[in-house]
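J.: There's a structure below that I have some questions on.
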Amino acid sequence: MRAPAGILNLLLLSLLAGLDPSKTQISPKEGWQVYSSAQDPDGRCICTVVAPEQNLCSRDAKSRQLRQLLEKVQNMSQSIEVLNLRTQRDFQYVLKMETQMKGLKAKFRQIEDDRKTLMTKHFQELKEKMDELLPLIPVLEQYKTDAKLITQFKEEIRNLSTVLTGIQEEIGAYDYEELHQRVVNLETRLRDCMKKLTCGKLMKITGPITVKISGTRFGAWMTDPLASEKNNRVWYMDSYTNNKIVREYKSIADFVSGAESRTYNLPFKWAGTNHVVYNGSLYFNKYQSNIIIKYSFDTGRVLAQRSLEYAGFHNVYPYTWGGFSDIDLMADEIGLWAVYATNQNAGNIVISQLNQDTLEVLKSWSTGYPKRSAGESFMICGTLYVTNSHLTGAKVYYSYSTKTSTYEYTDIPFHNQYFHISMLDYNARDRALYAWNNGHQVLFNVTLFHIIKTEDDT
């Protein structure tokens, strides 16, 4: 399922904690429901809940609903925790919130032990709304510049704390329709705020989160940044040469468990590890050539192929680790890109924007950074970020903006946990860096400096 920023990391944290996401869902149409959660300036957990109407025969059912409320509160706590990894300023607040949530968990479980299930209906629609709403809250919280709107949301969320205090003594009653309407209204406001987000500048890289250990030292794994909300397929391509097999998994959970759904036998061997899946097609560099191939997963056919004029190939201008990494294909919020080097540019990096259908070069930028001195590179919002090494101590050292045709030297470190990176690509849907780190498939969170448009902006 496609999700906004950070939702993939939520699933991964759940998997790494040994949980099965398919078993953490709440049963349909039942229970107390959370519609929002955050923290106040003192670091306390602030939540908002509304309970359904109570009658003399429903105390056991309310217990189950209370347990479901706890699960919602825990899920939202995890969302906030992942979110605040990106902002050092809020880190201590998240730790305090986690402690308070654990205290609530113990109290709710004590109540749960005394009551058993009675009914399972009425709340499926509300649950679906909440499932859509949860990913939006951590994304919104990242963009602190809209402080006034965040304050309003926190005030609404603060109401939940009062309700929770009361239901620890006695389960109360609340109208379901009113709760449903409040969730819908909050969802609408959050989505409106999301639409104001614009591209940002890379400020920080955190992590990594280790998703899986598999394959050789070199390879690539990826998801499609343009996939629909219900499509969260993962593609896996082991090794940098002498291979044509692409493995597909229906979800991150299946990828971690090894539940392969399909394999594709490409018509050509690939070169390097710098492939990209974009809008349902795989783009890769054909072995021993500077030809780019567009391969459709839906039809199993090559839709286009084109030579990248003057581009070096077969270890003429690779990254520092070699591996036929001469041509790096990537995608960002703007579109499809190729990064390579030519003799005409003295072996320095060339950036080309490509037409995703025909692979025609739309425009190119010549930089002054030697391709052989780059560890890896990736595009975010039309800016190329280049690392200075693939080994321990690597950092983002250089950036080039295609918008202004200017460059700058940067100093953005990141943790090369397994000592050898052979693939590093940005995914605009997940706002994360996918990496292949010495046989480990890992994710890095990125912190971007964003400008949120207001109604006064022209």
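The values are calculated or read from the model by the stated rules, or taken from the named source; none is laboratory data. Predicted model only: the values in this text are computed from it and were never measured. In this analysis, Cβ positions are derived from the backbone assuming ideal geometry, glycine residues included, and neighbour counts consider all displayed protein chains. Ligands, DNA and RNA are excluded from the accessible area calculation, which covers all protein heavy atoms including side chains. Shrake-Rupley method; radii C 1.70, N 1.55, O 1.52, S 1.80 Å.
J.: Taking the full set of protein chains and a 1.4 angstrom probe, give the accessible area of I209 in square angstrom, rounded to the nearest 10.
T.: 20 Å²
J.: Give the Cα extents of segment 203-350 along the principal axes, in whole Å, largest first.
T.: Here the Cα extents, ordered largest to smallest, are 46, 38, 31 Å.
J.: Hey, if we sort M203, M330 by accessible area with the 1.4 Å probe, largest down, what's the order?
T.: Details: M203 110, M330 5 Å².
Result of the area sort, largest leading: M203, M330.
J.: Further question: Starting from the 7 Å offset along Cα-to-Cβ, what nm value, one decimal, do you get for the label separation of M203 and S307?
T.: Label at M203, label at S307, 4.7 nm between them.
J.: How would you classify segment 392-444 from its alpha-carbon gyration tensor, with a ≥ b ≥ c the square roots of the eigenvalues: rounded for a/c under 1.5, else prolate if a/b is greater than b/c, otherwise oblate?
T.: Working: a/c = 2.80, a/b = 1.53, b/c = 1.83.
It comes out oblate by the Cα gyration axes.
J.: Further question on the same structure: Could you tell me which of the pairs K212/K294; K250/K286; K244/K403; K250/K294 are separated by over 31 angstrom between their Cα atoms in the structure shown?
T.: Violating the 31 Å Cα-Cα cut-off are K244/K403.
J.: I would also like to ask the following. Using a 1.4 Å probe and counting only protein heavy atoms, arrange F324, F378 so the residue with the most accessible area comes first. Each step should come with its number before you reach the end.
T.: Details: F324 30, F378 0 Å².
Descending order: F324, F378.
J.: Sticking with this one: Using the Cβ atoms and a cut-off under 14 Å, what net charge is assigned to the surroundings of P318, where Lys and Arg are +1 and Asp and Glu are -1? Before the final figure, lay out each step's value.
T.: Working: positive: K371, R372; negative: D326, D328, E376.
Result for the neighbourhood of P318: -1.
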